[in-house]
Amino acid sequence: MRIILLGPPGAGKGTQAKLIVKDYHIQQLSTGDLLREHRNQDSDLGNEAKHFMDAGNLVPDGIILGMVAAEFKKPYLDPGYILDGFPRTCPQAQGLDNLLVDHNQKLDHVLVLEVPDEELIRRLTARRSCSKCGYIYNLVFNPPQAEGICDLDGADLIHRSDDTEATVQNRLKVYQKQTKPLIDHYEQQGLVRHIDGTGDVKQIYQRILTAIS
Ligand code: AMP
């Protein structure tokens, strides 16, 4: 199974992707996570991406496509994958189409998670994630048992530097302008399933299961 998860920042792509990979035994490929790993390792790519990310802007297509092409060569993606946060622009979608042809692969679904802007801002500014396992909490809807500590492994929780209100507003604008037009690209391929992304995590996941089964 090969899936793209599309949706604005804060729509729950990362959370839902983790549930899907567990049930379907496929892999999550998150360009945001890959970029954050590069930043943590202080690599050249990480340093190049940093200022785009901190301003809530997109990292240039060439960097992203190079990074994704390198992942496509790795065997861990062979059982199938869910693309989380990629593609985000028309040139990236075109680049992905080419990669799929090169690797003789086809997509099964493009899931579009839909959540109103006010709700996204509320979710993002209250989002915290585990510095070790990546589990995502929300201080309002899904707080950890002990403040600032992950329930699962006791590691510190972090507030992403791009989850501040000003940056979030810009990320939402960027989504509307650069990423939303991709829905048409995939509608033409008959792959799009619109998912109501409001409600609790389990409810949303049920809607996804209904759409892909
Ligand atoms: P995310 O974790 O998916 O919200 O991504 C965090 C940030 O990483 C975004 O705001 C962008 O600056 C950058 N980023 C992640 N994926 C992409 C992509 N496919 N294209 C361009 N920039 C990206």
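Of the set (1) away from the ligand (no atom under 14 Å from the Cβ); (2) at positive phi; (3) touching a residue at least 24 places away in the same chain (Cβ under 8 Å); (4) of a type outside the set (D, E, K, R), all apply to Gly85 but (1).
The rows are residues; the columns are (1) of a type in the set (S, T, N, Q); (2) out of contact with any Phe, Trp or Tyr (no Cβ under 9 Å at 6 or more places or on another chain); (3) within 30 Å of Thr210 (Cβ to Cβ).
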{"residue": "Leu113", "(1), (2), (3)": "no, yes, yes"}
{"residue": "Asp117", "(1), (2), (3)": "no, yes, yes"}
{"residue": "Ala126", "(1), (2), (3)": "no, no, yes"}
{"residue": "Ser129", "(1), (2), (3)": "yes, no, yes"}
{"residue": "Val140", "(1), (2), (3)": "no, yes, yes"}
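Quick check on segment 168-186. Is at least one of its residues of a type in the set (Asp, Glu) and under 20 Å from Asp33 (Cα atoms)? No, segment 168-186 contains no residue that is of a type in the set (Asp, Glu) and under 20 Å from Asp33 (Cα atoms). Taken over segment 173-202, residues that are assigned to a helix (DSSP H, G or I), under 21 Å from Glu118 (Cα atoms) and touching a helix residue (DSSP H, G or I) at 6+ places or on another chain (Cβ under 7 Å) amount to 1. I need the full set of residues from segment 129-157 which are modelled with pLDDT under 95 and not in a loop (DSSP other than H, G, I, E, B), in order please. Matches in segment 129-157: Ser129, Cys130, Ile136, Tyr137, Asn138, Asn142. Would you confirm whether any residue within segment 56-68 is within 11 Å of the ligand (Cβ to nearest atom), touching a residue at least 12 places away in the same chain (Cβ under 8 Å), farther than 12 Å from Thr31 by Cα and out of contact with any Phe, Trp or Tyr (no Cβ under 6 Å at 6 or more places or on another chain)? Yes, some residue in segment 56-68 is within 11 Å of the ligand (Cβ to nearest atom), touching a residue at least 12 places away in the same chain (Cβ under 8 Å), farther than 12 Å from Thr31 by Cα and out of contact with any Phe, Trp or Tyr (no Cβ under 6 Å at 6 or more places or on another chain).
Here's the yes/no breakdown for (1) within 15 Å of Leu182 (Cβ to Cβ); (2) modelled with pLDDT of 95 or more:
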position: Gln92; (1), (2): yes, yes
position: Asp97; (1), (2): yes, yes
position: Val101; (1), (2): no, yes
position: Asn104; (1), (2): no, yes
position: Val110; (1), (2): yes, yes
position: Ile121; (1), (2): no, no
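Screening Phe52 against (1) among the aromatic types (Phe, Trp, Tyr); (2) within 13 Å of the ligand (Cβ to nearest atom); (3) surrounded by 16 or more Cβ atoms within 10 Å (Cβ to Cβ) leaves a single unmet condition, (3). Check whether at least one residue in segment 77-85 is modelled with pLDDT of 95 or more, out of contact with any Cys (no Cβ under 8 Å at 6 or more places or on another chain), farther than 17 Å from Ile3 by Cα and surrounded by fewer than 18 Cβ atoms within 10 Å (Cβ to Cβ), and report yes or no. No: zero hits. Go through segment 154-206 and report how many residues are within 15 Å of the chain's Cα centre (by Cα) and small (Gly, Ala, Ser). Result for segment 154-206: 1. Contact annotation: no residue pair with Cβ atoms under 6 Å, 6 or more positions apart or on different chains, pairs a residue in segment 30-51 that is farther than 25 Å from Leu6 by Cα with a partner that is away from the ligand (no atom under 12 Å from the Cβ).
The values are calculated or read from the model by the stated rules, or taken from the named source; none is laboratory data. Quantities reported herein were computed from a predicted structural model and do not represent experimental measurements. No Cβ is skipped: glycine too gets one built from the backbone with ideal geometry, and neighbour counts run over all protein chains shown.
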